[in-house]
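See structure below.
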Amino acid sequence: MRDYSTVDPQIRGLVAALHSASVPTMPSCSGHWPDPQWARRCYADLLQDLQKIRSGGLEFIDVESGQRVWYRNAFYAMPWADGKQFLREMSAFNGCGYLAFVPAPSSLLWNRVLELNDIPGVRAAVAGINGKLGIEIRVRTGEPASQAEGWKRVRSVLRA
């Protein structure tokens, strides 16, 4: 991965450690509590992107590979009818953190799944990820301070 600044700070070190051990990760999020003002700004930005995509196009950059893709689609539509629906759907996922990765079959990380489930607010499971067997970790503790502590404990368990 070329740019770890795009990874949430609470899980950035964990993602980097997994990568340095040659363990690929999937898109992730530490869990956020977006406020209505942020959601309005974000939705307004998405509307601007929609107009660019429909007209001249919009460049996307894959932060892992650095690959650039120009996307244009005159019929592009967002999945939300309006900003209120966007905020409602964002709020439904308040504080939901997620990290998934695919260790090698011989990795000791597989032995940590049950131990992760002993951490309050943490649920870990073996799951199918992009056609391979992997580990999914979900952290939802209810508020930002305990969320950070949950991820800190996840890191500690996985490093052991």
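Quick notes on this one:
- For region 3-13, the criterion of being assigned to a helix (DSSP H, G or I) and more than 27 Å from LEU109 (Cα to Cα) is met by none of the residues.
- If you go through region 136-153 and keep only what is open to solvent by less than 70 Å² (accessible area, probe 1.4 Å) and in a loop (DSSP other than H, G, I, E, B), you end up with THR141, GLY142.
To keep it simple, each residue is scored yes or no on (1) closer than 23 Å to GLY95 by Cβ; (2) surrounded by 11 or more Cβ atoms within 10 Å (Cβ to Cβ); (3) at pLDDT below 95; (4) not hydroxyl-bearing (Ser, Thr, Tyr).
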site: MET1; (1), (2), (3), (4): no, yes, yes, yes
site: TYR4; (1), (2), (3), (4): yes, yes, yes, no
site: SER20; (1), (2), (3), (4): no, no, yes, no
site: MET26; (1), (2), (3), (4): yes, yes, yes, yes
site: ASP49; (1), (2), (3), (4): no, yes, no, yes
site: ILE53; (1), (2), (3), (4): no, yes, no, yes
site: GLU59; (1), (2), (3), (4): no, no, no, yes
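- Contact map, region 63-74: first residue within 21 Å of ASP8 (Cα to Cα), second residue surrounded by fewer than 10 Cβ atoms within 10 Å (Cβ to Cβ), Cβ cut-off under 9 Å, separation 6 or more or different chains; pairs are VAL63/SER5.
- VAL63, sole failed condition from (1) outside any loop (DSSP other than H, G, I, E, B); (2) open to solvent by less than 70 Å² (accessible area, probe 1.4 Å); (3) closer than 30 Å to PRO24 by Cβ: (1)
- Test: MET78 is open to solvent by less than 40 Å² (accessible area, probe 1.4 Å) and in contact (Cβ under 8 Å) with a residue 24 or more places away in the chain: yes
The values are calculated or read from the model by the stated rules, or taken from the named source; none is laboratory data. Small disclaimer: the values here were computed from a predicted structure and weren't measured. Every residue, glycine as well, gets a Cβ built from its backbone with ideal geometry; the counts of neighbours run over all protein chains shown. Note: accessible area is taken over every heavy atom of the protein model, side chains too, but ligands, DNA and RNA are not part of it. Shrake-Rupley method; radii C 1.70, N 1.55, O 1.52, S 1.80 Å.
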